[in-house]
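S.K.: Next up is a structure, given as structure tokens.
The values are calculated or read from the model by the stated rules, or taken from the named source; none is laboratory data. Here the structure is a predicted model, which is why all the values come from computation and not from measurement. With ideal geometry, Cβ positions are generated from the backbone for all residues, glycine too; neighbour counts draw on all protein chains shown.
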Amino acid sequence: MNESVQSIMIKDLITLGPESTLAHVKDIFKTKRIHHIPIVDEGKLVGLVTTYDLWINSPNHENYDHIQVKDIMSKKLVKLEIDDKVGTAAELFLDNRFHALPVVDNGMLVGLVTTFDVLRYEFKKEYPEPILYKDVLDKGLDAAH
């Protein structure tokens, strides 16, 4: 748990700008099987939208083409710095009950750490050669976040 979050974070992120529509968000959630989309403006993290945000803030799907991400995204974010430890991420997940933490370097988004990333990190330390789910773990589930 003393390794940097940089060692487990997702680096190849799908991001959107604040002017994107909820229809675009819904399409990404549906087709990419992810649950968190960082919102950036010229590389700077300005928000985060989750499947929960979509569900709780805009239950009327008919308006998704007309509502912008900036109207529902979370703006007050808990973030990790690139040198923060995996243990810090785990503690924040346990304390605050959310499931993704953006990783920033000088305010610029560089990655995302999810509860799944921390779980996989610990699992692989204990079981470096798993028998069950080996084919799933070997494929690198980073794309499934």
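S.K.: Suppose we filter segment 55-103 for residues that are in contact with a helix residue (DSSP H, G or I) (Cβ under 9 Å, 6 or more places away or on another chain) and either part of a strand (DSSP E or B) or among the acidic types (Asp, Glu) (or both); how many remain?
M.R.: 12
S.K.: So, of the residues in segment 47-97 that are surrounded by 14 or more Cβ atoms within 10 Å (Cβ to Cβ) and among the small types (Gly, Ala, Ser), which turns out to be nearest to residue 19 (Cα to Cα)?
M.R.: Among those that are surrounded by 14 or more Cβ atoms within 10 Å (Cβ to Cβ) and among the small types (Gly, Ala, Ser), it is 47.
S.K.: Of the conditions (1) surrounded by fewer than 16 Cβ atoms within 10 Å (Cβ to Cβ); (2) within 11 Å of the chain's Cα centre (by Cα); (3) not acidic (Asp, Glu), residue 44 satisfies every one except a single condition; which number is it?
M.R.: Result: residue 44 fails condition (2) only.
S.K.: Separate question: Mind listing whichever residues of segment 5-27 are surrounded by fewer than 17 Cβ atoms within 10 Å (Cβ to Cβ) and within 18 Å of residue 116 (Cβ to Cβ)?
M.R.: 7, 11, 12, 14
S.K.: Which of the residues belonging to segment 3-54 are of a type in the set (A, V, I, L, M) and closer than 18 Å to residue 81 by Cβ?
M.R.: We begin by selecting, within segment 3-54, every residue of a type in the set (A, V, I, L, M); these are 5, 8-10, 13-14, 16, 22-23, 25, 28, 34, 37, 39-40, 45-46, 48-49, 54.
Within segment 3-54, 5, 8, 9, 10, 13, 40, 45, 46, 48 meet the criteria.
S.K.: Please go through segment 98-140 and pick out each residue that is modelled with pLDDT under 65 and surrounded by 14 or more Cβ atoms within 10 Å (Cβ to Cβ).
M.R.: 137
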